[in-house]
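The next block holds one structure in the form of structure tokens; read it before the comments.
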Amino acid sequence: YSPISPTVQRRLYAIAAASQTVGYPLKIALIGAKTDLGVVPTLLGKPETYARFLSAELSGVVNGPVLVVMPAGFGLAARGNALSVASLQQIRIGPGADGLGLAAITAAGRLAAAAGHPLPADAASPGLSLGASAPTVSHALTAIVVMALLAALAIAAALYARSRRAIGPGG
């Protein structure tokens, strides 16, 4: 897949997270080359068609719209049905993966606003935390500790059973 700079990647993650938070769960696909399209390389240059294809493939897993950004333009669809990209016509798509990413950031803000879910002004700020939240980390650590304790108990039980067999009955 086409490489994207860490800064633009962080901004994309931030805008997608902000979009989710305001109730507009937008998924974004940046397509810069045929190799980015997997099994349908013939759809390069056809963002609307690829958006319908991808959103249909993801239906049941992805609940919101899928935005496709290609050098040729934008495509937007949900559950295989095309959605309007009229509000995106004036957005310039720059060269390379970063150009696609920056256009996607602008597009996400416009789409969310058009859907009645405006994003905060700093939604694409790369300074936003993209890591797991404190409760998520706490739950993960608790699960790890519980699993480690269960593994230790299982090992202890296996060793005890083995030592009982080695001693033999009545021993």
Label model pair VAL61, THR49: point-to-point distance (7 angstrom along the Cα→beta-carbon line) in nm is 2.3
Extension length gain for ALA114 and SER84 (0.36 nm per residue less Cα distance), in nm, is 9.8 nm
Taking alpha-carbon centroids only, segment 68-112 lies from segment 41-67 a number of Å equal to 12
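Ignoring ligands, DNA and RNA, please state the percent of accessible area on segment 1-129 from carbon and sulfur, probe 1.4 Å.
Exposed carbon and sulfur together represent 55 percent of the surface.
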Over its alpha-carbon atoms, segment 1-61 yields an Rg and a Dmax in Å of 13.0, 35
Expressed as a whole-number percentage, the relative contact order of segment 1-81 with C-alpha contacts under 8 angstrom and at least six residues apart is 29
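The values are calculated or read from the model by the stated rules, or taken from the named source; none is laboratory data. Keep in mind that what you see is a predicted model, and the values were worked out from it rather than measured. Positions of Cβ are backbone-derived with ideal geometry, glycine not excepted, and every protein chain shown enters the neighbour counts. Note: accessible area is taken over every heavy atom of the protein model, side chains too, but ligands, DNA and RNA are not part of it. Shrake-Rupley method; radii C 1.70, N 1.55, O 1.52, S 1.80 Å.
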